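Quick notes on the structure that follows.
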């Protein structure tokens, strides 16, 4: 009888999902591992992410070029946007909007100046590397024969649309994108067998909802910049900085704080324990 009860208890435990506290701890530990990695490794991973996220622009351009002109085409077209995110997230590359929640949770548990400095340094390295990779991909799109010429009009159209919002509107549209990417991070520990679909649906929603993402959008911004179609000041102040602020607000200030609010009475911060 005890053996039977033990088996039943294990069966119940295996059927139960992770609690919010455990999800928080999984992501926090992942963030700590990222903070402990050498800066050079983080940098190259970030450059790779910036290059690979360009597949989102390319995938969307392929659909836009070859799909028929129909009402449903817009929804199918935006599936292409998920391509780069799937490569980057499943490939465990350093994407800035992922880091805004993954590395922010250790800071929330250990709110010290030292930890703040470590997080800020990592964010700076990752964001810079992402942008370098994005510019590399954009230059290849615009100035080499790597991309078929029939795709270039669609890439230009997508780029002009992404960077064409007024700064405050770009900022506002970036907030839901930050929340959606943070939601992916929060759900992945509980849905390892369905991670492909989680990433597909939520990143498709970013494109279908016409939200703005600072790294994928940097490819589009850079595509126009390297051809002289967008000035540096318009790109930086009209698109990049407003979208960066919106993504951080959505992914960190809103989502991470709400996630922390679920578990803050169940965990002890190091500041308290000290």
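Could you pull out every one of the helices (runs of 4 or more DSSP H) wholly within the stretch 77-128 that has 2 or more residues that are modelled with pLDDT of 95 or more?
Passing ranges, in order: 82-90.
Within the stretch 153-187, the only residue that satisfies the criterion of being free of Cβ contacts under 8 Å to residues at least 60 places away in the same chain and over 25 Å from residue 138 (Cβ atoms) is 187. If you go through the stretch 235-256 and pick out every residue that is more than 19 Å from residue 130 (Cα to Cα) and without any contact (Cβ under 8 Å) to a residue 40 or more places away in the chain, you end up with 1. Only a single item in (1) surrounded by fewer than 23 Cβ atoms within 10 Å (Cβ to Cβ); (2) closer than 12 Å to residue 46 by Cβ is not met by residue 139, and it is number (2). Confirm whether residue 185 is surrounded by 20 or more Cβ atoms within 10 Å (Cβ to Cβ), at pLDDT below 95 and out of contact with any strand residue (DSSP E or B) (no Cβ under 9 Å at 6 or more places or on another chain). Answer is yes for this residue.
Please verify whether residue 58 is at pLDDT 95 or above and over 21 Å from residue 140 (Cα atoms), treating the condition exactly as stated. In short, no.
Checked against (1) in a loop (DSSP other than H, G, I, E, B); (2) under 30 Å from residue 257 (Cβ atoms); (3) free of Cβ contacts under 8 Å to residues at least 40 places away in the same chain, residue 29 passes all but a single condition, namely (1).
Of all residue pairs spaced 6 or more apart or on separate chains, none has beta-carbon atoms under 7 Å together with a first member in the stretch 97-117 that is free of Cβ contacts under 8 Å to residues at least 24 places away in the same chain and a second member that is part of a loop (DSSP other than H, G, I, E, B) and crowded, with 19+ Cβ neighbours inside 10 Å. Restricting attention to the stretch 218-233, the residues that are over 13 Å from residue 155 (Cβ atoms) and in contact with a helix residue (DSSP H, G or I) (Cβ under 9 Å, 6 or more places away or on another chain) add up to 5.
The values are calculated or read from the model by the stated rules, or taken from the named source; none is laboratory data. Because the structure is predicted, anything quoted here is derived from the model rather than measured. Because the Cβ atoms are built from the backbone with ideal geometry, glycine has one as well, and the counts that use them run over all protein chains shown.
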